[in-house]
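K.L.:
Mind having a look at this structure? Questions to follow.
Quick note: the coordinates plus some simple rules give every number you see, no bench work behind them. Remember, it's a predicted structure, so these values are computed and weren't measured experimentally. Cβ: placed from backbone, ideal geometry, glycine included. Neighbour counts: every protein chain shown.
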Amino acid sequence: MTEQRNPKRFVIVGNSNYGLYYGETDATDKEIVEKGSVRLDNCRHIFHWQGKTGGITSLAASGPCGPRATQSRIGAPAPSALLTSVVNVFDCSAEAVANFARIEASGG
């Protein structure tokens, strides 16, 4: 019998070292809370970003966007990363996912 996993979702994860990361996970909120960690596929470190407004919730809603979006500093994707000391997980909107993909395509 094969193990059935949850559907993947795009998230922004904050950890206790104030790092922000963007990627995909199939972990549930309950699993993340219980373990205090999460594995992200195609994990990208978010150093700083330009968007519609400030704040992490705006980043999860809109992603890096606007006329200065290419000035965002978002790392190249690592195939997979285990993030520990997780303190926040924000689900990303379809708009945010599209804007992160645009930044990646532009080499940002």
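K.L.:
Relative to the present Cα-Cα distance, how much length would full extension add between residue 31 and residue 91 at 0.36 nm per residue of separation?
P.N.:
On the way: separation 60, 0.36 × 60 = 21.60 nm, distance 1.51 nm.
Answer, rounded to one decimal: 20.1 nm.
K.L.:
What is the diffusion coefficient of the range 39-79 in µm²/s, taking the Kirkwood radius over Cα pairs and the Stokes-Einstein relation at 4 °C with a viscosity of 1.567 mPa s?
P.N.:
121
K.L.:
What residues have an amide H closer than 5 Å to that of residue 15, excluding those fewer than 5 places away on the same chain, when H is modeled at 1.01 Å from N in the peptide plane?
P.N.:
87
K.L.:
Right, another one. Taking the Cα centre of the chain as origin, work out the dipole magnitude from +1 charges on Lys and Arg Cβ and -1 charges on Asp and Glu Cβ, in debye rounded to 20.
P.N.:
Charge dipole, the chain, about its Cα centre: 340 debye, nearest 20.
K.L.:
Continuing with this model, one more query. Among 14, 51, 36, which one shows the highest mean-square fluctuation when the chain is modelled as a Gaussian network with alpha-carbon springs under 10 Å?
P.N.:
36
K.L.:
For each of 58, 72, 16, count neighbouring Cβ atoms within 10 Å of the residue's Cβ, then give the residues from fewest to most.
P.N.:
On the way: 58 15, 72 22, 16 11.
The most exposed by this proxy come first: 16, 58, 72.
K.L.:
Here's a follow-up. Along the three principal axes, how long is the range 7-108 when you take its alpha carbons, biggest first, rounded to the nearest angstrom?
P.N.:
Projected onto its principal axes, the Cα set of the range 7-108 covers 40, 26, 25 Å.
K.L.:
Could I ask something else about it? What net charge is computed for the residues neighbouring residue 24, neighbours being all others with C-beta under 10 Å from the C-beta of residue 24, Lys and Arg scored +1, Asp and Glu -1?
P.N.:
Values: positive: 8, 9, 39; negative: 26, 41.
Here the count lands on +1.
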